[in-house]
Amino acid sequence: MSRYFANIWETVTTLMIGLGVTLKHLWHIRRGYVTLQYPEEKWPRPERKIGFDHDDYNVIRSRLHVDIDDCIGCMKCERACPVGCIHITTVKVPKDVDLGTTSNDTKKRLLVTRFDIDMSECMYCNLCTYPCPESCIYMTGGPNSGKHPIDYEFSEFDRCNLIYRFANVSPEEVERITTSSAKPRTEGVAA
């Protein structure tokens with residue numbers, strides 16, 4: 001019977017100690033030390049000082065972005081991706097069709113009809129950015145903040161919204177640009 005009352009006494013005292021700590025924090029709360037309503041309010045991002053210049057090295061693991069106007073359809077990024085989250089489809093166009101040039105003055109010979117990146121599969125290794133001859137695929141922010149600001153909060157309720165589609169060529173435009181004898185050249189995993 002004495003053990004029963006000892007357990008009750010221990011329960012009450014530990015409960016009071018815990019409530020005392022909570023009340024102490026409640027009375028001495030400072031402004032800004034409360035829970036943020038996340039989607040509407042965000043903590044400011046502190047400046048990162050880790051001992052070297054960020055312009056020389058990309059340490060930020062954020063979203064991949066593609067300048068589709070500079071893409072020549074070489075598919076090197078798709079082949080370099082270890083998890084296969086990049087899907088590219090190109091169409092060879094006749095020689096008399098001018099697709100324009102990239103910002104590095106490279107003439108485009110392939111029409112990129114599909115350039116999808118599934119960020120739910122991406123492991124943020126940045127390996128796809130190195131083989132690109134035109135530097136059109138890159139991680140946002142860091143040394144690329146001049147091209148695209150950092151995008152580190154891109155969570156979605158639906159995983160399908162994490163598939164970013166960069167090619168903006170409609171099937172009618174493909175049909176208009178190419179001849180009926182041209183066959184699409186595809187590589188990688190089909191969606």
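The values are calculated or read from the model by the stated rules, or taken from the named source; none is laboratory data. None of the values given here were measured: they were computed from a predicted structure. Neighbour counts run over all protein chains shown; Cβ positions are idealised from the backbone, glycine included.
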Next on the checklist: Suppose we filter the range 83-115 for residues that are in contact with a helix residue (DSSP H, G or I) (Cβ under 7 Å, 6 or more places away or on another chain) and either exposed (fewer than 14 other Cβ atoms within 10 Å of the Cβ) or of a type in the set (A, V, I, L, M, F, W, C) (or both); how many remain?
Outcome noted: 9
Next on the checklist: Anything in the range 87-105 that is in contact with a Leu (Cβ under 9 Å, 6 or more places away or on another chain), part of a strand (DSSP E or B) and among the hydrophobic types (A, V, I, L, M, F, W, C)? List them, or say none.
Outcome noted: 91
Next on the checklist: Restricting to the range 117-138, count the residues that are more than 12 Å from residue 75 (Cα to Cα), in contact with a Lys or Arg (Cβ under 7 Å, 6 or more places away or on another chain) and either small (Gly, Ala, Ser) or surrounded by 13 or more Cβ atoms within 10 Å (Cβ to Cβ) (or both).
Outcome noted: 3
Checklist entry - In the range 106-122, is there at least one residue being modelled with pLDDT under 90, under 18 Å from the mean Cα position of the chain (by Cα), assigned to a loop (DSSP other than H, G, I, E, B) and among the aliphatic types (A, V, I, L, M)? => result no
Item to check | Any hit, the range 74-82, residues being surrounded by 10 or more Cβ atoms within 10 Å (Cβ to Cβ), modelled with pLDDT under 90 and of a type outside the set (A, V, I, L, M) | outcome: no
Checklist entry - Does the range 100-133 hold any residues that are closer than 23 Å to residue 174 by Cα and touching a residue at least 40 places away in the same chain (Cβ under 8 Å), and which are they? => result 110, 111, 112, 113, 114, 115, 116, 117
